[in-house]
Each structure stands twice: as C-alpha cells, then as structure tokens.
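Trainee: Okay, here's the structure, questions in a sec.
The values are calculated or read from the model by the stated rules, or taken from the named source; none is laboratory data. Since this is a predicted model, take the numbers as computed values, not measurements. Because the Cβ atoms are built from the backbone with ideal geometry, glycine has one as well, and the counts that use them run over all protein chains shown. Please note that ligands, DNA and RNA were not included when accessible areas were found on the heavy atoms of the full protein model with its side chains. Shrake-Rupley method; radii C 1.70, N 1.55, O 1.52, S 1.80 Å.
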Amino acid sequence: MLCILFIDKSLVPGHYPFGEKSYLLQNDKGKFTEVTATKANGLTTTGPVKDALWSDFNNDGLVDLIVAGEWIPLTFLENTGGELTDITKDTGIQSAKGWWNSISSGDFDHDGDLDYVVGNLGLNTQYKVSAEQPMQLFVKDFDENGSTDHILTYYTMNDDGKMAPFVAHPRDQLISQIPGMKGVFGRYSRYAQASLEDVIPPSLQKGMIRKEATEFNSSYFENLGNGRFRIKALPIEAQFAPIYGIVTLDINQDGHPDVLTVGNSYAPEVQNGRYDAGVGNVLLGDGAGNFKNIPPAATHFFVDGDAKALATIRYGQHDILILAACNQGKLKAFQLTDSSFVP
C-alpha cells in the first residue's frame, strides 16, 4: 500500500516566521523517499504550520491535505491523482489569514461532504483584526547585526479619533531588539506619538517581509462543494482563549456530530499576559452547522491548564476515552457517559 507522510519543517529557531519548506515522504516497503517536487509542488505554505489534516474535502474519493498555520489562510491542497495542488485562492476564504492552531472534520450539516472546525487565537485579546484593519508583522534584520528583527503592529485609535496602525511593542522592548531606535525615540513621549511610518521609514523598508492576520475567531468552515467554503464564528464561549485541541464525536447520541475543544496559552509576552480563560468547550451540533456551548457544570468536562492537544480512544464496543494533554501538567482523561464526562 502506498503511504504518504507529511512533514512540517516550516520553522527555524531564532528566525521566526521563516523556515525550511515542509515536505512529503513516500513509504515504499519501509523505505521513505522525499517526493515533494513530484507530488506536492503546490506545498507552498508561507507561515509556521501548527496542524495538518489528511481529508477528502472535495468528495472525489482522493485524500487531500489541509494545513493550518500562523499568518496564512487555511490552506487546501487538492489531490489531483498523485499530486497535491494548492487551490486556496479559489476557496472563497483565502483572505481569512489567522493564527490557526488546530483542525477537525465532520459532516456537521449532513449534506454529504466534510466540513471543518478550526481553532484560532480567539477574541479575548487586545488585538482586534479585520481585512480592513489587519495585524501586521514586519520582518527584517533592521539593524544589520545578523539576527532577524520583528515589528508587530495593530490598529488602535489615534489622537484624531481615527483608527491607525501602531507598533505593539513598548519602547524599551523595541530598543532591546533594535538598539538604534534609542537614538530615534529618546523620550517615551516621542515614542507614544510615533506613527508606523516614524518607526519604519521608507529607508528601512527595502527587503522587508510583511505578514498579516485578518481573522482571530475560532471558526466553522462550511463546505459548499466544488472546493468552496464559507466561514462562521463558533459560539462566544469558544473565543475566550486560543484553541489548540479539537476532536469531533457525537456526544449526546442524537446523530449530529459535536465538537470538544481545549486551549489556553501560557507563552505570550509579559505585556499581554497569559491567555488562560479557557476551561474546555463542549459544542453540541444541531445537524445544520450550528453549535451550542454546554457549560462544564452540566458536562463535567473541565480542562483549565495550558492545554495543547485532545485525542479519543475507543475501547469495547461503545466506550470512548478522551485524553487532554497540558504543558507542565498531568494528562487528563475523561470517559463519555450518557452525554456527560467522568474525569
């Protein structure tokens, strides 16, 4: 049997968000051979990959590849009969660039094709983004000292009451990364009034890489057929924290696929603080692509740590065990029993 293994190598330490190209390995009787050039010429993901899913999204009987990552839209690679071709630009959701972390599939609207639930940063953050007002990341060795520098910007209100892009970093943090900025912004008051053009004048923009994020909702991707999709935000309770783990299963045995999620992030910079408001979500599907959050008091599903993954184990004829993995914490296990969970 022909087996293809997707390997993400899209991040090099110290050079975020750059990295080596992800690639495919073909298993031929126990020997793995790289086949990226011949079978995945469309594998051109440009952001750090956070999750990937082999899934037949166009319902043609061939397994395709979907890639979730930072600063990119959900990326769809169609299997055209032995080769993966990037068709993201034709999906209708190519402008939804997020910090996509995780992905799970299911026929949530019962129309015969697979839909997707995708975890993102969420909305419990000072950074509000849209296609018109994106968060942007400018990347370059601005001071030419051999290391990659990053300048993060987001839209906020200026003194005239209008929304404009401003640098997200405090003055001291920016100077620690680019010492030459101390000569430009000798006073905190000067930095507080600085526009984006003051921080990155045209003289510094040559060779600069720009990335952007326009969507932070954790979302439901409805499959419209013919390689087209529509995005709808998950319930507000699923936006309280980043989502890193997702599984699909019929929790209440009503014939409609439901979703379990876990998340949080203890890694953000001190100025932002932890994203730790998540306690796990039980999202019941109604069979039409809509979801309702059920609180932990009713389900007993509660994961409040720095959760990064979910998995299910089926044992016996009908029993399901759910495992939640948390950084620097114990592996949590839940047994699904009569629409609720036993820790």
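Trainee: Would region 72-83 turn up any residue that is within 26 Å of LEU260 (Cβ to Cβ), of a type in the set (Val, Ile, Thr) and open to solvent by 50 Å² or more (accessible area, probe 1.4 Å)? Walk me through how you get there before you give the answer.
Mentor: Looking only at region 72-83, we keep the residues that are within 26 Å of LEU260 (Cβ to Cβ), and these are 72-76.
With the extra rule that they be of a type in the set (Val, Ile, Thr), the set shrinks to 72, 75.
Right, trim to open to solvent by 50 Å² or more (accessible area, probe 1.4 Å) and you get none.
Checking region 72-83: not a single residue is within 26 Å of LEU260 (Cβ to Cβ), of a type in the set (Val, Ile, Thr) and open to solvent by 50 Å² or more (accessible area, probe 1.4 Å).
Trainee: Among the residues of region 249-266, how many are surrounded by 24 or more Cβ atoms within 10 Å (Cβ to Cβ) and not in a strand (DSSP E or B)?
Mentor: Selection size over region 249-266: 2.
Trainee: Give ASP254, ASP276, ASP258 a once-over and let me know the one that is modelled with pLDDT under 95 and on the phi < 0 side of the Ramachandran plot. Spell out how you get there, then give the answer.
Mentor: Working: ASP276 fails: modelled with pLDDT under 95; ASP258 fails: modelled with pLDDT under 95.
Just a single option satisfies the conditions, and that option is ASP254.
Trainee: Just the residues that are at pLDDT below 65, surrounded by 15 or more Cβ atoms within 10 Å (Cβ to Cβ) and in a loop (DSSP other than H, G, I, E, B), please, taken from region 1-41.
Mentor: Within region 1-41, ASP8, SER10, LEU11, GLY19 meet the criteria.
Trainee: Restricting attention to region 48-66, which residues are open to solvent by less than 10 Å² (accessible area, probe 1.4 Å) and either more than 16 Å from the chain's Cα centre (by Cα) or touching a residue at least 60 places away in the same chain (Cβ under 8 Å) (or both)? If you could, list the steps in order and put the result at the bottom.
Mentor: Of region 48-66, the ones open to solvent by less than 10 Å² (accessible area, probe 1.4 Å) are 48, 55, 57, 64-66.
Hits for region 48-66 are SER55, PHE57, ASP64.
Trainee: Is there any pair with a first residue in region 67-78 that is within 11 Å of LEU53 (Cβ to Cβ) and a second that is of a type in the set (Ser, Thr, Tyr) and part of a strand (DSSP E or B) whose Cβ atoms are under 7 Å apart and which are 6 or more apart or on different chains, and what are they?
Mentor: Listed by first residue and then by second, the contacts come to VAL67/THR75; ALA68/SER102; LEU77/THR85.
Trainee: Picking from GLY112, GLY92, which residue would you name as being touching a Phe, Trp or Tyr at 6+ places or on another chain (Cβ under 9 Å), open to solvent by 20 Å² or more (accessible area, probe 1.4 Å) and part of a loop (DSSP other than H, G, I, E, B)? Break it down stepwise before answering.
Mentor: Values: GLY112 fails: touching a Phe, Trp or Tyr at 6+ places or on another chain (Cβ under 9 Å).
Step by step, each of GLY112, GLY92 is checked, and only GLY92 is touching a Phe, Trp or Tyr at 6+ places or on another chain (Cβ under 9 Å), open to solvent by 20 Å² or more (accessible area, probe 1.4 Å) and part of a loop (DSSP other than H, G, I, E, B).
Trainee: Now for a different question. Exactly one of these conditions fails for SER147: (1) under 19 Å from LYS232 (Cα atoms); (2) more than 23 Å from the chain's Cα centre (by Cα). Give me its number.
Mentor: Evaluating SER147 over (1) under 19 Å from LYS232 (Cα atoms); (2) more than 23 Å from the chain's Cα centre (by Cα) leaves (1) as the failure.
Trainee: Can you name every residue in region 97-143 that is of a type in the set (Gly, Ala, Ser) and under 15 Å from ASP258 (Cβ atoms)? Spell out how you get there, then give the answer.
Mentor: Narrowing region 97-143 to residues of a type in the set (Gly, Ala, Ser): 98, 102, 104-106, 112, 119, 122, 130-131.
Within region 97-143, SER104, SER105, GLY106 qualify.
Trainee: I've got another one for you. Could you please let me know if THR312 is closer than 25 Å to PHE221 by Cβ, surrounded by 16 or more Cβ atoms within 10 Å (Cβ to Cβ) and touching a residue at least 12 places away in the same chain (Cβ under 8 Å)?
Mentor: Working: closer than 25 Å to PHE221 by Cβ: yes; surrounded by 16 or more Cβ atoms within 10 Å (Cβ to Cβ): no; touching a residue at least 12 places away in the same chain (Cβ under 8 Å): yes.
Criteria not met by THR312.
Trainee: Which one is nearest to ASN59 (Cα to Cα) among residues in region 115-126 that are within 16 Å of the chain's Cα centre (by Cα) and open to solvent by 10 Å² or more (accessible area, probe 1.4 Å)? Before the answer, list the steps.
Mentor: We begin by selecting, within region 115-126, every residue within 16 Å of the chain's Cα centre (by Cα); these are 116-125.
With open to solvent by 10 Å² or more (accessible area, probe 1.4 Å) added as a condition, the list becomes 121, 123-125.
Numbers: LEU121: 29, LEU123: 33, ASN124: 36, THR125: 37 Å.
Once the filter is applied, the top-ranked residue is LEU121.
Trainee: So which residues in region 286-303 are among the β-branched types (Val, Ile, Thr) and either part of a strand (DSSP E or B) or exposed (fewer than 12 other Cβ atoms within 10 Å of the Cβ) (or both)? Give the derivation first.
Mentor: Taking region 286-303 as the starting set, the residues that turn out to be among the β-branched types (Val, Ile, Thr) are 294, 299, 303.
The one that is among the β-branched types (Val, Ile, Thr) and either part of a strand (DSSP E or B) or exposed (fewer than 12 other Cβ atoms within 10 Å of the Cβ) (or both): ILE294.
Trainee: Among the numbered criteria (1) assigned to a strand (DSSP E or B); (2) over 30 Å from MET181 (Cα atoms); (3) of a type in the set (A, V, I, L, M, F, W, C), which one does TRP71 miss?
Mentor: (2)
Trainee: Tell me, which residue of region 304-330 that is in a loop (DSSP other than H, G, I, E, B) and more than 17 Å from ASN281 (Cα to Cα) is modelled with the highest pLDDT? Spell out the reasoning first.
Mentor: The initial filter retains those residues of region 304-330 that are in a loop (DSSP other than H, G, I, E, B), namely 304-306, 316-318, 327-330.
If we keep only those that are more than 17 Å from ASN281 (Cα to Cα) too, we end up with 316-318, 327-330.
On the way: GLY316: 76, GLN317: 74, HIS318: 73, ASN327: 95, GLN328: 92, GLY329: 92, LYS330: 92.
Looking at residues that are in a loop (DSSP other than H, G, I, E, B) and more than 17 Å from ASN281 (Cα to Cα), I get ASN327.
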